[in-house]
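The values are calculated or read from the model by the stated rules, or taken from the named source; none is laboratory data. These figures come from a predicted structure and were not determined experimentally. Don't worry about glycine lacking a Cβ; one is built from the backbone with ideal geometry, like all the others, and counts go over all protein chains shown. Protein only, heavy atoms only, side chains kept; ligands, DNA and RNA dropped before computing areas. Shrake-Rupley method; radii C 1.70, N 1.55, O 1.52, S 1.80 Å.
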Amino acid sequence: MAATYSSFMTTKYYSPVFNTALFDGPFRIYFSQNYESSTLKIYHLLQTQYKDLWGQLKAWTQNSREHVFLLMYPEDKDLQIVFAETTKNAKATVQLQSWDEGIVLGISQPVTDLDLALQVEQIGSMLQNWMEKQKNYEASL
């Protein structure tokens, strides 16, 4: 299924703070324009540090017409509200959930460069694990 903005707006993941988006290959990145610098750093690091994964995600997107939605919320509390069922009793910096039109990764605005680096590492790791599960699932069919 092709990801559409109108279908995204009707989900629990959407926030009115998402006034800017970056679409490239497998990624649909939504964020507030105030966080453009952090978003572009994350985007660049994912492309350069995870080249193989980027290629796998591009192939997955082309075959499935689904996407990775990376959503940058202003604060941890916003992330915890949206991803309540997965953040119970834990401070989560990155959340991943499946959705009808792909997968959703939620993060909060990184405060420091270290926070940003940790988020990129977590995003990469979560996406790699998710891709492995996809491959195993497809192989079992």
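Quick rundown of the values:
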quantity	calculated
Residue list for region 25-57, restricted to those being surrounded by fewer than 18 Cβ atoms within 10 Å (Cβ to Cβ) and of a type in the set (Val, Ile, Thr)	THR48
Within region 37-53, tally of residues that are of a type in the set (S, T, N, Q) and touching a Gly at 6+ places or on another chain (Cβ under 7 Å)	1
Candidates HIS67, HIS44, filtered to the one that is free of Cβ contacts under 8 Å to residues at least 40 places away in the same chain and more than 16 Å from SER108 (Cβ to Cβ)	HIS44
Check on LEU79, touching a Phe, Trp or Tyr at 6+ places or on another chain (Cβ under 8 Å), of a type in the set (A, V, I, L, M, F, W, C) and crowded, with 18+ Cβ neighbours inside 10 Å	yes
Index of the failed condition, THR61 passing every other in (1) free of Cβ contacts under 8 Å to residues at least 60 places away in the same chain; (2) open to solvent by 40 Å² or more (accessible area, probe 1.4 Å); (3) assigned to a helix (DSSP H, G or I)	(2)
Qualifying residue in region 109-123 (condition: out of contact with any helix residue (DSSP H, G or I) (no Cβ under 6 Å at 6 or more places or on another chain), surrounded by fewer than 18 Cβ atoms within 10 Å (Cβ to Cβ) and within 23 Å of LYS12 (Cβ to Cβ))	yes
